[in-house]
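This report refers to the structure that appears directly beneath it.
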Amino acid sequence: MEWLKKSFPELSELSPLKNGGQKHVFGCAHQQEGDVVLKLFRSTADAQRVKREVEAMQKVQCLRVPRVLGVGTVSSDVGEIVWLLEQRIPGEDLRSRLDSNGPLSANDILRIALHVLEALTAAEKVKIVHRDIKPANIIGADDGSFWLIDFGFARHLDLESLTSTGALNGFGTIGYAPIEQCSNQRRAIDVRADLFALGVTLYECSAGANPFIDGARDQLEAMRRTGSVPLPPLDRTIDEANQFRELVQSMTRTYREQRISSAAEALAWIQEICEREQVF
């Protein structure tokens, strides 16, 4: 920790948040920016993937995605490592909230759909697919807004994929990623993969469980369900006209050709629902 303090004298109150496969994440205070997140990518991390995560966050211009405040390299005991400094969102991720409190309120669920679809529409405009939408990657901020975080698995549709075609599970989280993503059918992965994962997340926020994961023997069973068992219709009323139920179904159909075709279209739909329900 001492070398970190010397390398980043403008930061204080460093505290570990989590360790991922390729990076260490710290919460800290910045002299000018206030609360921030510092990501340190392991020296063994794939340099191209690190570069693409940074570029994805910089390209997706949206209020619902944390701002990139700085990026660079720094020397450490294990060699040169890449660092990324980004805005920290004060709040709790949906995974923690669901585990602690169970299903969320109807108003929160509608706001999650609205705010994350704003982020996905911004990503769609610059041809970026997040590829790892799940409760752990959505932050419920203290002010009631919701933010999409962690673009570490982002796919740039106008760049060559870094994952081999047909690689089992590709990139993403089983139980949320659609079947074309689990089997890494590269040419089939587009915004509809993110819409599927968001739809499953919204279902879980509403029902309190993910039917693809709940009771599955293992990941292979969860993946089989994702590719063969449609998500059941929500039996909970979220909006008076039950349009939210229809939206979730349109986002989570097994075959991508049958799903709603764009984030912009899904955003327009949830905006109409939220306007009727007076949720913003």
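Compare the Cα positions of Leu98, Asn19, Met223 along the charge dipole of the chain (+1 at Cβ of Lys, Arg; -1 at Cβ of Asp, Glu; about the Cα centre) and return the one farthest towards the positive end.
So the residue furthest toward the plus end is Met223.
Normalised by the number of residues in the chain, what is the relative contact order in percent for Cα pairs under 8 Å and 6+ residues apart?
Here the relative contact order equals 15 percent.
At 4 °C and a viscosity of 1.567 mPa s, what translational diffusion coefficient does Stokes-Einstein give for the range 49-101, taking Rh as the Kirkwood radius over Cα pairs? Give it in µm²/s as a whole number.
Here the translational diffusion coefficient equals 97 µm²/s.
I need the phi-derived Karplus couplings for the range 222-233: 6.51 cos²θ - 1.76 cosθ + 1.60, θ = phi - 60°, integer Hz, Gly and Pro marked x.
5, 5, 4, 4, 4, x, 9, 10, x, 5, x, x
Any chance you could run the full-extension gain for Ser261 through Lys6? It's 0.36 nm times the residue separation minus the Cα-Cα distance, nm to one decimal.
So the chain would gain 86.9 nm between Ser261 and Lys6.
Once you have the alpha carbon radius of gyration of the range 70-220, what is it after dividing by 2.2 N^0.38 Å, with N set to its residue count? Before the final figure, lay out the partial values.
Numbers: Rg = 16.6 Å, N = 151, 2.2 N^0.38 = 14.8 Å.
Taking N as the residue count of the range 70-220, the ratio is 1.12.
Dipole magnitude of the range 30-140 about its Cα centre, charges +1 at Lys/Arg Cβ and -1 at Asp/Glu Cβ only, in debye to the nearest 20?
Roughly 360 debye, rounded to the nearest 20.
Return the inverse of the average 1/r over all pairs of distinct C-alpha atoms in the range 164-280, which is the Kirkwood hydrodynamic radius, in Å to one decimal.
14.6
I need the phi-derived Karplus couplings for the range 2-13: 6.51 cos²θ - 1.76 cosθ + 1.60, θ = phi - 60°, integer Hz, Gly and Pro marked x.
Result, rounded to whole Hz: 4, 5, 5, 4, 6, 6, 10, x, 7, 9, 9, 6.
Over all distinct Cα pairs, what is the inverse of the mean 1/r for the chain, reported as the Kirkwood hydrodynamic radius in Å?
Its Kirkwood hydrodynamic radius stands at 19.5 Å.
Tell me the Rg and the Dmax, in Å, that the Cα atoms of the range 1-123 produce.
Cα only, the range 1-123: 16.2, 49 Å (Rg, Dmax).
Starting from the exponent 0.38 and prefactor 2.2 Å, build the expected Rg for the range 109-161 from its residue count and divide its actual Cα Rg by it. Please report the intermediate quantities before stating the final value.
Details: Rg = 11.8 Å, N = 53, 2.2 N^0.38 = 9.9 Å.
Ratio of Cα Rg to 2.2 N^0.38 Å: 1.19.
Which of Pro230, Pro178, Pro135 moves most in a GNM of the chain, Cα contacts under 10 Å?
Pro230
Enumerate the calculated ³J(HN,Hα) couplings along the range 68-74 in order (Karplus 6.51 cos²θ - 1.76 cosθ + 1.60, θ = phi - 60°), each rounded to whole Hz, writing x wherever the residue is Gly or Pro.
7, 9, x, 8, x, 10, 8
Can you pull the percent of the chain's accessible area that's carbon plus sulfur, 1.4 Å probe, other chains left in place?
C and S atoms contribute 48 percent here.
List the extent of the Cα atoms of the range 178-235 along each of their three principal axes, largest first, rounded to whole Å.
In descending order, the Cα extents are 34, 25, 14 Å.
Under a Cβ-only charge scheme (Lys and Arg +1, Asp and Glu -1), can you give me the dipole magnitude of the chain about the Cα centre, in debye to the nearest 20?
800
Solvent-accessible area per residue for the chain at a 1.4 Å probe radius, Å²?
For the chain, the per-residue accessible area is 46 Å².
The values are calculated or read from the model by the stated rules, or taken from the named source; none is laboratory data. Please read these numbers as outputs of a predicted model, since none were measured by experiment. Positions of Cβ are generated from backbone atoms using ideal geometry, with glycine treated the same way; all protein chains shown enter the neighbour counts. Just so you know, the surface numbers come from the protein's heavy atoms only, side chains and all, with ligands and any DNA or RNA stripped out. Shrake-Rupley method; radii C 1.70, N 1.55, O 1.52, S 1.80 Å.
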